[in-house]
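To keep things clear, I will list the structure first and then write my remarks on it.
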Amino acid sequence: MRAWLSDTPGGPETLTLSERNVAPPAAGEVQIDVHACGINFPDSLIIRDLYQYKPPRPFAPGGEVAGIVSAVGDNVAGFAPGDRVLARTGWGGLSETVSIDQARVAPLPEGMSFAEGSAYLFTYETSYHALKQRAACRPGDAVLVLGAAGGTGVSAIEIAKVMGARVVAAVSSEDKAAFVKTCGADDVIVYPRGPLSKEQMLALGAEFKAAGGAHGFDIVYDPVGGDYAEPAFRAMAWGGRYLVVGFTAGIPRLPFNLPLLKGAGIIGVFNGGFSQNEPEESARNTAELMDLYVTGKLRPTISSVVPFTDAPSAITAIADRQALGKIVVAVR
């Protein structure tokens, strides 16, 4: 089989398309012939050794896939060769064949394409866990989504709207502003690209406060961090929930008097740890997301499908924050 391998730490340009032998699945594993692989920001980090997981090299990036089961290991229940499935791999997805623990595999819902399947679990599970378990999002909540045009941000907009919230999307360009309106955002703020000066941070904070109104934002969903965190936190309501999802603009330095003055919580969101430590609750989330797809309430937003031979370009686009929604690599 072919796979895009990371042999040494570096950017997408360091990946090599290589031939590898296909090993049989181990006990408890499902082997998948990959048809599509969704690309996410952690793919740009893991190949640079900047992610919380550091798999031994050589490895293929690619954290979520959809395809057809080709084999199953001992003690696997509920899956058989020929089944259409999707899976969260963590890494290994940019391979023509991958084996993954059965707990990370789910049936592909009726009517869902391989491209949609590979664009669903990573971002939508993260946002669903963030808004359901971590923020307890309620109808009528005011939600500010930073980095709203990316795959994670779009999923947060769509899920928050399903939960009955009012959503303000924050993005870095007018093109992205027009895009997130089509994704259901009630209002949009265009912020300058960082790093931001003190004056820019104060101006952005005032803009966030105006969008949040007298009450302020009950929830801030932040996969960006950097200089955007403090202005967003200053626009929070009393008792608000600030969701720390990622750091595409760097790890912020937040004055700790702000959580005190607002009685607000800074809440970490790590869906990988959630699935490991609370597997039954995580499985319920997955089942509920599948129901939302089947009933037509959620659909993954895919901006482009890239050929397998051009897979590194998809990681570059994500790393450079050029993508609108999700980018998918067509492996088969």
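The values are calculated or read from the model by the stated rules, or taken from the named source; none is laboratory data. Here the structure is a predicted model, which is why all the values come from computation and not from measurement. Cβ sites come from the backbone with ideal geometry, for glycine too, and all protein chains shown count toward neighbours. The accessibility values were calculated without ligands, DNA or RNA, using every heavy atom of the protein model including side chains. Shrake-Rupley method; radii C 1.70, N 1.55, O 1.52, S 1.80 Å.
Worth a mention:
Per-residue answers, yes or no, for (1) in contact with a Ser or Thr (Cβ under 7 Å, 6 or more places away or on another chain); (2) modelled with pLDDT of 95 or more; (3) closer than 25 Å to Ala232 by Cα:
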{"position": "Val245", "(1), (2), (3)": "yes, yes, yes"}
{"position": "Ala249", "(1), (2), (3)": "no, no, yes"}
{"position": "Ser275", "(1), (2), (3)": "yes, no, no"}
{"position": "Asn285", "(1), (2), (3)": "no, yes, no"}
{"position": "Thr309", "(1), (2), (3)": "no, yes, no"}
{"position": "Gln322", "(1), (2), (3)": "no, no, yes"}
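- Qualifying residue in region 247-270 (condition: under 27 Å from Phe41 (Cα atoms), open to solvent by less than 50 Å² (accessible area, probe 1.4 Å), in a helix (DSSP H, G or I) and not polar (S, T, N, Q)): no
- Counted residues, region 298-312 - those being over 18 Å from the mean Cα position of the chain (by Cα) and open to solvent by 60 Å² or more (accessible area, probe 1.4 Å): 3
- Residue within region 88-99 that is in contact with a helix residue (DSSP H, G or I) (Cβ under 7 Å, 6 or more places away or on another chain), assigned to a loop (DSSP other than H, G, I, E, B), of a type outside the set (Val, Ile, Thr) and closer than 14 Å to Ala66 by Cβ present: yes
- When Gly38 is tested against (1) touching a Pro at 6+ places or on another chain (Cβ under 9 Å); (2) touching a residue at least 60 places away in the same chain (Cβ under 8 Å); (3) not in a strand (DSSP E or B), exactly one condition is not met: (3).
- Scope region 67-96; condition touching a residue at least 40 places away in the same chain (Cβ under 8 Å), under 16 Å from the mean Cα position of the chain (by Cα) and open to solvent by less than 10 Å² (accessible area, probe 1.4 Å); matching residues: Ala87, Gly93
- Qualifying residue in region 99-108 (condition: at pLDDT 95 or above and under 22 Å from Ala323 (Cβ atoms)): no
- Cross-chain or 6+ apart pairs with Cβ under 6 Å, region 291-311 first and among the small types (Gly, Ala, Ser), then at pLDDT below 95 and crowded, with 18+ Cβ neighbours inside 10 Å: Ser303/Ala323; Ser303/Leu324; Ser303/Gly325
- Of everything listed in (1) more than 29 Å from Ser303 (Cβ to Cβ); (2) touching a residue at least 12 places away in the same chain (Cβ under 8 Å); (3) not in a helix (DSSP H, G or I), the single unmet condition for Glu230 is (3).
- The condition of being open to solvent by 30 Å² or more (accessible area, probe 1.4 Å), of a type outside the set (S, T, N, Q) and in contact (Cβ under 8 Å) with a residue 24 or more places away in the chain does not hold for Glu64.
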